[in-house]
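Worksheet: the structure to be examined is printed underneath.
Just so you know, all these numbers are worked out from the coordinates, no wet-lab data involved. Since the model is a prediction, treat every value here as computed from it, not as a measurement. Cβ: placed from backbone, ideal geometry, glycine included. Neighbour counts: every protein chain shown.
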Amino acid sequence: GSVFLTDEDECLGRMALAAWSENTIRAPVHWPIEVVSILIKAEREKRLSTAECDLAWDSAAVLIQTCSVEPNAASSAIFSLARDHGLSAQDAAYVELASRLDIPLLTGDKKMARAAKSLSVELVFDPA
């Protein structure tokens, strides 16, 4: 959310945009739906005006089209990560994907970072 919402951690948002401009971004198959959810929730909570939400969606749509969306092929691993580290299934999918593809994980979530470290996944940013 910090890429599109100015009231969240701007440092993490800037890092995400920099990573996007320099690399192919990979995300689990549910990621585009999460982006929609974040933006709609922010508009409903008046964190974004309708115009700001439209502008954020225009940017998000470009990012979604350029992102390499990966299938969640490892349901058992996602289940175990969620259970063992107290993660949502969605968050566990990001950690599992980074581990499986041996790519760095960008997150501001401390639980996700701990789970990633337990799998020796490199973190772009350590929120600890």
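What whole-number value in cubic angstrom gives the convex hull volume per residue for the C-alpha atoms of segment 65-128?
84 Å³
Karplus-based coupling profile of segment 40-46, in residue order and whole Hz: 5, 4, 4, 5, 5, 8, 6, with θ = phi - 60° in 6.51 cos²θ - 1.76 cosθ + 1.60 and x standing for Gly or Pro. The slack between L119 and I103, meaning 0.36 nm per residue of separation minus the straight C-alpha distance, is 4.6 nm. Highest mean packing first, where packing is the average number of other Cβ atoms within 10 Å per residue, the peptides 95-106, 113-124 line up as 95-106, 113-124.
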